1. What's the ranking of 96-103, 36-43 by average number of surrounding C-beta atoms within 10 Å, highest first?
2. Return the lysines within reach of K39: Cα separation strictly under 20 angstrom, same-chain partners fewer than 8 residues apart disregarded; answer none if there are no such residues.
3. So, counting K/R as plus one and D/E as minus one, what does the shell of residues with Cβ under 15 Å around E64 add up to?
4. Compute the distribution of all C-alpha to C-alpha distances in the range 24-122, in bins of 10 Å from 0, and list the percent of pairs in each, rounded to whole numbers.
5. Let's see if you can work this out: charge +1 on each Lys and Arg Cβ, -1 on each Asp and Glu Cβ, no other charges. What is the dipole magnitude of the range 24-122 about its Cα centre, in debye to the nearest 20?
6. Give me the net charge of E51's neighbourhood, meaning all other residues with Cβ under 12 Å from the Cβ of E51; Lys, Arg count +1, Asp, Glu -1.
7. Nearest 0.05, what FRET efficiency do E92 and N71 give at R0 = 30 Å with Cβ-Cβ as r?
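Computed from the coordinates by the stated procedures, all read-outs in this text should not be read as laboratory data. Just so we're clear, the structure is a prediction, and the values are computed from it rather than from any experiment. So basically every Cβ, Gly included, is an ideal-geometry build from the backbone, and we count neighbours across all protein chains shown.
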Amino acid sequence: MNTTAYAQNAYTTTKINTVSNPLDLVIMLYDGAIGHLNKAISCINQGDLPEKTRYITRTIAIIEELLVSLNMEEGGEIAENLKGLYVYMLKEITIANANNDVQKIKQVEALLKELRGAWKEIR
């Protein structure tokens, strides 16, 4: 790991460990996924497919984390709807990754931004 990556990792770890509101962590996850999708789009446009795959993989990991953290018992209809959206996003990102489809990535990014805004309002 290079020095810049190490510093970024240390900063992110410290930021996560000092979050006092769980909603802040959810918003951070959305921010991370959105940022990775932006980078994946740039990589597709530049023809850097290995880096694109790395950013897509990170996005998938974040969405999977959001998915498994849903409390289906207490979350009711909201949790069920989020589950459906997360599964849909995972499917679309996988297809986008296989086909280098910038439009599908942008669609998922738009959904993530909308959900992020909703969580920010709740906070």
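1. Ranked by mean Cβ neighbours within 10 Å, highest first: 36-43, 96-103.
2. Counting by Cα, and skipping residues close in sequence, K39 has these lysines nearby: K52, K91, K104, K106, K113.
3. Spelling it out: positives minus negatives among the neighbours equals +1.
4. Computed distribution, short to long bins: 17, 51, 25, 7, 0.
5. Computed charge dipole of the range 24-122: roughly 460 debye.
6. +3
7. Efficiency, from the Cβ-Cβ distance: 0.80.
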